[in-house]
1. Among 57, 221, which comes first, second and so on when ranked by fewest other beta-carbon atoms within 10 Å?
2. Using the 10 angstrom Cβ neighbour count as an exposure proxy, how do 66, 46 rank, fewest first?
3. Rank these for me by crowding, 327, 278, 102, going from fewest to most other beta carbons within 10 Å.
Ligand SMILES: [Zn+2]
Ligand SMILES: [Zn+2]
């Protein structure tokens, strides 16, 4: 645009100038005399008065004398213009060639992306199948255990009904001799049947205590089904062996105990259902995120239960599947809990009193989707 404007200006300047073949018609704007002379020093038309005043010591000559020489000069200047024109034309065809190459390469790359994503989706579908099978296995295993319990409970119920019916029938229809004659046997039978049914043991052996852990390690491993029944996950903090504070770090050693029965699994104080994360405050007190119990439990360094806080829900101070916990030991001493199903972080003081919460479901700034780990740096900034 800049060059084009310059050319336009040049062209209109030429139009304003007098026709070169008729110099008498044009006059000097300073002296009103015909522009018969050309000053070579200034490259401009001048009049006879100019030649003795402002252009006195310049190189000038009559227009008629100098014209053909100046035309030659102009023509000489044309040849570099032509040369540049040629160069630019070549450049344009080189650009066109490159454009073609770029488009071709672009199509190739787009094709590659498509193929790569197709492959990834194949792998993802495989991972989906694997994970689905894993989940189905967990579900089937649990259902199988329950269905065994159902069968056995139904069989027991039938047995009880049969015995009951038989005895009642005997009482209704039997003669006194018949009833008394078989009384001993009926009593024995009834006590055998009832003794065979242990009322204490009548509770479901399985729970709906499994979750999808979305630990995406690679396309081949996009997650796991974590079941609360897995013994290792019922670990109980036995005691904090020692805490070694230094200037910048604090190392600690914790003993945990994995029960071989579900002794520690449960929802009373000191029991857990899938404890997920653990944090230790400045006093060495231990806070455990008790996932399926929707609460935080607080223990002394030697593992003695102190208090618990949170209950299932989405309101202030409620927790829904807490799976991460950390304490701002550097600055405020507040306890921060990430909640898987509320998609937010709740803040409590060290007594378990609710302070605030932040975040909601989403992927924008300040939004979370199933937040998991969180931690503080030594300057008190939360990550
Ligand atoms: Zn003049
Ligand atoms: Zn001059």
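1. The order, fewest Cβ neighbours first, is 57, 221.
2. With the sparsest Cβ surroundings first, the list reads 66, 46.
3. 102, 278, 327
Bear in mind these aren't lab numbers, they're just calculated from the coordinates by the rules spelled out. Since the structure is predicted, the reported quantities are computational estimates derived from the model, not experimental observations. No Cβ is skipped: glycine too gets one built from the backbone with ideal geometry, and neighbour counts run over all protein chains shown.
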